[in-house]
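The block underneath contains the structure these notes are about, expressed in C-alpha cells.
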Amino acid sequence: MEAEFEACSFCGRNKSEVDVLVSGSDDVHICDSCISQAHGILLQEASFVEKANTPFEIKKPKEIKAFLDQYIIGQDKAKSVMSVAVYNHYKRINYNQSRKEGETEIDKSNLLLVGETGTGKTLIARSIARMLDVPFAIVDATVLTEAGYVGEDVESLLTKLLQAADYDVPRAERGIVFIDEIDKVARKSDNPSITRDVSGEGVQQALLKLLEGTVVNVPPQGGRKHPDQKFIEVNTQDILFVAGGAFSGIEKIIESRLNKGSLGYFKEEKKEVLDSQNVLSHVNSTDLKRFGLIPELLGRLPVVTHLDKLTKESLLAILTKPKNALIKQYELLFKLDGINLEVKEEVLEWIVEKALKTELGARGLRSIVEEIFNPLIFETDNLPSKLVINLEMIGGNHP
C-alpha cells in the first residue's frame, strides 16, 4: 500500500502518474521526466565548458581584410590595422588557454578608431564581428556616468553584450564591444580634476579595469531599473574593446604639434604638408592626451588608427559597390515587386553632391536615397516593369 503513495521528490507527481520512479536513500525518489530534464541540464553545462575551452577559429589578417573589402570602401589603413589587431587578439586567447604556468603571457590590445562621423568606424567593427560569428554590442559613451549618478553605469555596457550572446557567458566573454563617442567623455581641461566630472574623466576612470580585464558583476536587465535582479559574473579579459570617436577639433592639435619649431623658410614647406586632405593620418597618443583622454585610458587602447575623410569618389563607390550597397538594396526591394530598377549615373552624382553638403559622411546618403525611393515604393502598383531614375524624374538639377 505504501508504494502507491510514493512520489517524485522533485516534481511531486506520484508513482501512478509517471513511467519510472527511481528510489534512493532516506525515502527520496526521482521520476523519469525529472531525470530527463537533469540530463539536459548536464549536457548544456558540458556544452558551455566545451565552448569555453575550444580553440577559436581565426582567419589570417589578409583574409579578414578581404572580407572587410566587400563591405567597406577605402579605409585600407584602418582595415589593415584592425585585421592584424583582431587576429592577434583571438590568437592570444587560443594561446593563453593552453599556456602553462611560468610561460610568457600575451596582453590584450584594445583599439581606438579616430575619424569623422559616417566614415565607417562602427561598420568595420560590426563587419568583423559578423565574420567571426562573435557577439557584438554598440555602446554610446555619452550615456555612461560614474556610479551614483543618473545615467548608465559603465558595467551596464556588458549587459548589451550578454543580450547579444543570448546570455551565453562563455560566448559573451569572447565578444566585441564598440564604445562610440569616446571623445565626448574627454577631460575638459589638461589639468586633473579635483572634483567629480560626471560625464567626462570619471567615466574614463571607470572604464579602466573593464578594458584591462576583470571579473564584473553584470546586471542582466540593465543597471538601475531592476535593483533586485541577480548579477551575472563576466570576465572581460578576452573581450575586445574598440573605441571610436570623431574628435572634432583634434586637427588643430595635430597641426600645432607638427608645426612646432618650424621657423623661417621651412614654415611654408611644413604648412603645405599639413594642408593635405587628411591631417588625422598624423594622429598619435600625445594628441589624444591633449584632447582630453587620460593617459591611463590611452594605455589600455594601445592600437590607434584613423579613418580617412570620404571623398566624392568614395561616396559614389559606397552607393553601388559593397555587397550591401544602398542602390543594390533598393534594386532588390523593387525586384521583389517585379520591377527592374535602373539608376542613371547623373542621379548618383546628384545624391553624392547633396550628401557632401550634409557633412554626415556615408550616413548622409541613406536619408537622401530614401527621399527619392520611398514615394516610388508607395506607388509600386502604378510603376512599369522597368523603372529608370534620371535627374528629370526626381527634379534634381542642383543639389
Residues other than I106 with Cβ under 9 Å of its Cβ, Lys/Arg counted +1 and Asp/Glu -1, net out at +2
How big is the range 4-43 along each principal axis, measuring the range of its Cα positions in Å and listing the largest first? 32, 22, 13
Multiply the residue gap between K77 and Q97 by 0.36 nm, knock off their C-alpha separation, and tell me the result in nm, one decimal place. 4.1 nm
Where only protein heavy atoms count, and the probe is 1.4 Å, what is the accessible area per residue for the range 75-170 in Å²? 43 Å²
Please identify the trypsin sites (Lys or Arg not before Pro) of the range 321-380 that satisfy two criteria: DSSP loop assignment and at most 13 other Cβ atoms within 10 Å. Which are they? K323
Mind listing which GluC sites (Glu not before Pro) in the range 303-399 are in a DSSP loop and have 14 or fewer other Cβ atoms within 10 Å? E359, E379
Once the Cβ-Cβ distance between R13 and N235 is put in as r, and R0 is 41 Å, what FRET efficiency do you end up with, to the nearest 0.05? 0.55
Counting only protein heavy atoms and using a 1.4 Å probe, what share of the accessible area of the range 272-399 belongs to carbon plus sulfur, as a whole percent? 50 percent
If you find the alpha carbon centre of the range 294-315 and of the range 346-360, how far apart are they in angstrom? 25 Å
Just list whichever of K321/K344; K59/K328; K77/K309 have alpha carbons separated by over 24 Å in the model shown. K59/K328
With L301 itself left out, Lys, Arg at +1 and Asp, Glu at -1 over residues whose Cβ is under 13 Å from its Cβ give -1
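The values are calculated or read from the model by the stated rules, or taken from the named source; none is laboratory data. Only a predicted model underlies this, so the values are computations on that prediction, with no experimental measurement involved. Methodologically, a virtual Cβ is constructed for each residue, glycine included, from the backbone with ideal geometry; neighbour enumeration extends over all protein chains shown. The protein model used for the area step is the full one, side chains on, heavy atoms only, and it has no ligands, DNA or RNA in it. Shrake-Rupley method; radii C 1.70, N 1.55, O 1.52, S 1.80 Å.
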